[in-house]
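This report refers to the structure that appears directly beneath it.
The values are calculated or read from the model by the stated rules, or taken from the named source; none is laboratory data. A quick note: this is a predicted structure, and the numbers were derived from the prediction, not measured. All Cβ positions, even for glycine, are placed from backbone atoms using ideal geometry, and neighbour counts span all protein chains on display.
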Amino acid sequence: MINLKQDTEGFVRMNRHFPQKLALSITFTDGTQEETTGRRMNELYDAALAEYRLQNNMDTKGFSRSPVKIHRKNAVGFVPVQPGLNK
């Protein structure tokens, strides 16, 4: 099991997809913990990436959604989380 910790701004560090069946534990800033799966975190990562692409007009600029070589400057490294994310 991997334990992720929420920072003071409400994000966890996540720069890649996790295996879908991987068990994850998230420790929130208020001290509570919640268990989730890699699948749910991947959904949150994809939503954060879509928001990032929208705000930076990356689709209209012609950036590919699935390039052969990923440039980390065109991706997100932090995903917003909050208690109750499995609901």
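The listed residues are Gln6, Gln20, Gln55, and the only one of them that is touching a Lys or Arg at 6+ places or on another chain (Cβ under 8 Å) and either among the polar types (S, T, N, Q) or at pLDDT below 90 (or both) turns out to be Gln20.
On the stretch given as segment 20-44, residues that are assigned to a loop (DSSP other than H, G, I, E, B) and surrounded by 11 or more Cβ atoms within 10 Å (Cβ to Cβ) total 5.
Looking at segment 19-47 only, could you name the residues that are farther than 16 Å from Asn86 by Cα and touching a helix residue (DSSP H, G or I) at 6+ places or on another chain (Cβ under 9 Å)?
Pro19 - this is the single residue of segment 19-47 that is farther than 16 Å from Asn86 by Cα and touching a helix residue (DSSP H, G or I) at 6+ places or on another chain (Cβ under 9 Å).
Filtered by the rule that a residue be in a strand (DSSP E or B) and surrounded by 18 or more Cβ atoms within 10 Å (Cβ to Cβ), segment 5-19 gives a lone residue, Val12.
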